[in-house]
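The values are calculated or read from the model by the stated rules, or taken from the named source; none is laboratory data. Predicted model only: the values in this text are computed from it and were never measured. Note that we place each Cβ from the backbone using ideal geometry, even for glycine, and neighbour counts take in every protein chain shown.
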Amino acid sequence: MTLIDDYFNTFTAPDGWTYTLSPSYDTYNRFFCLLSRDDRSFLFIGRYDGAWIWQRFVNESGSTDFSYFGAYVSTEQLPYAPNISTQWIYGEWYDYDFCEFNYGCYVSPEFYAMPAIPGDQWQFNVPMDEANLIGKETAQVGIFKEDGQFIQNIGSAYLASGCFSQMYASVTIPAVATGCYRLGMYQPPVTTCDLQFFYLIDAPTFLATINAASPNYLCFGIYDETSSVLVEGFATYIPVEGLTETDIVNFANTIPGMTAFYNSEANYFTFTWDYNVRCNASYSMKSYIGDVDASIIEDIWTTSAQECVCNDNYYLYSLSNIINIDASDCFSTMLEFWSDNNSMAEGFEYISDWKQKVRIGLNGGGAKPVIEENLYRQSNGVHKRPQNKQDLSVDLHSDFLDEETQLALVDATRHPYLVWNQKPIFVKGDIEVATIQDFTTQSSFETLAQVKFQALIQGFQPKNSSCLTC
């Protein structure tokens, strides 16, 4: 029961939803989990009899009252009937069905595993509403097994200034065993805090205390109040003639993260220190007399303690479709596409020279040069020298893709900048989507399709020969 309670508590309810966990210890232990909002509620009832069996109910009114189910004693096996003693379930709860929790993930046979090769540098846009990233400004990108087990971090994603609907993700495909994986957007546990300490002190009092301690050292440090240890300290020698206001300010401003100021009119010092500390402890900034190693001899002043409290939960926001990492793949190619600076094309946002760069099963054939002559004459009737434009025409076709990838590829080919296999290309004519027309048998690829189009590889220069096939 405790494990189930801990498992449910690892999840965060979506905005607008609340959940309630109610364990029931009896002859047969039961567990009630309620997920509700104003207009709808879901109830999961689990009963343990050698193994956990779960039944789920739905309520269209958003009711949070499931006390009626207490009428069922623990010795009564699931499923609970939609009515008992001719009365409908209290609060209009409707029997939904049994639900099974599997350790693996179901994968439809009709999917396209996007190819990847270890070492690939990918860039892509992540729609925030589809990836459960609304309200986030950054996220980490990891590589996961098919069932969602985390392997390692491979990049990060961020919300660019001026971009409101998508995050930009950059990743490096890792050297892992050949097989199917998923990319995942996640947030690792927070382990540190950025704290800011501030202290104001009368200058004459501070100087008198410091110079009276000569020939020791003036020190500034961050102190862990929870463990009673000095986290880090910085020291400067106090000469016989003493330190001046300028000496103290100059020394303090050499400490990383610290800003010191001396007000000559009001005759006081201010010290501000931005410092990153570990979680679950309290810290203070202090000035003290110390030795050459900045060990504490005598405190001069100490700020009030600040606590660093972190949320150490691990959040998995979303997982991608399956990608197939195979170092021996020699048929897929890289495709890059983008638009002009700070613009939107085909629903994708591009800011600060951002581009999308992914690997896809896209192959070419039927290459042939295309030469176009530009012949015109001036207003006086004199013909100008012909100018030739030479491109290489190639017929491109993709692997059999699922609908989402088809749409993404068609969108990509409409971008003003398109680079295929490190060659800039221009899509000529229409883009065809070829589907399988087999109605006699149920094909495992009946919902997949190929994308076909003709492209011109720009700036092609054929050999200096009249024989194009030599």
**Request:** Give the stretch 294-319 a look and list any residue that's touching a residue at least 60 places away in the same chain (Cβ under 8 Å) and of a type in the set (Asp, Glu), or say none.
**Result:** 298, 312
**Prompt:** With respect to residue 323, is the statement that it is touching a residue at least 40 places away in the same chain (Cβ under 8 Å) and over 25 Å from residue 138 (Cβ atoms) true?
**Reply:** no
**Message:** Criterion first (in the same structural domain as residue 261 (by TED's automatic domain parsing) and either within 16 Å of the chain's Cα centre (by Cα) or in a strand (DSSP E or B) (or both)) does residue 155 satisfy it?
**Reply:** no
**Request:** Show the residue pairs that are 6+ apart or on different chains and have beta-carbon atoms under 8 Å apart, the first residue being within the stretch 241-266 and assigned by TED's automatic domain parsing to the domain that holds residue 217, the second being in a helix (DSSP H, G or I) and surrounded by fewer than 14 Cβ atoms within 10 Å (Cβ to Cβ).
**Result:** 262/246
**Prompt:** Is it the case that residue 432 is modelled with pLDDT of 85 or more and touching a strand residue (DSSP E or B) at 6+ places or on another chain (Cβ under 8 Å)?
**Reply:** yes
**Request:** Quick one: count up the residues across the stretch 417-437 that are outside any strand (DSSP E or B) and within 20 Å of residue 358 (Cα to Cα).
**Result:** 2
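Taking the conditions exactly as written (without any contact (Cβ under 8 Å) to a residue 12 or more places away in the chain, of a type outside the set (A, V, I, L, M, F, W, C) and not assigned by TED's automatic domain parsing to the domain that holds residue 133), does residue 202 satisfy them or not?
no
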**Message:** Just to be sure I understand, how many residues within the stretch 127-175 are modelled with pLDDT under 90, under 21 Å from residue 404 (Cβ atoms) and of a type in the set (Ser, Thr, Tyr)?
**Reply:** 1
**Complete:** Checked 124, 111, 66, 57 against criteria (surrounded by 14 or more Cβ atoms within 10 Å (Cβ to Cβ), out of contact with any helix residue (DSSP H, G or I) (no Cβ under 8 Å at 6 or more places or on another chain), under 30 Å from residue 327 (Cβ atoms) and at pLDDT below 85); the one match is 111
**Fill in**
Taking the stretch 169-180 and the residues there that are assigned to a strand (DSSP E or B) and touching a Ser or Thr at 6+ places or on another chain (Cβ under 9 Å), the one that is nearest to residue 324 (Cα to Cα) would be 171
**Residues that are out of contact with any strand residue (DSSP E or B) (no Cβ under 6 Å at 6 or more places or on another chain) and of a type in the set (A, V, I, L, M), drawn from the stretch 218-246** = 229, 240, 243
**Prompt:** Taking the stretch 1-18, which residues are modelled with pLDDT under 85 and not in a loop (DSSP other than H, G, I, E, B)?
**Reply:** 2, 3, 4, 5, 6, 7, 8
**Fill in**
Over the stretch 278-309, the set of residues crowded, with 19+ Cβ neighbours inside 10 Å and farther than 13 Å from residue 220 by Cβ is 283, 308
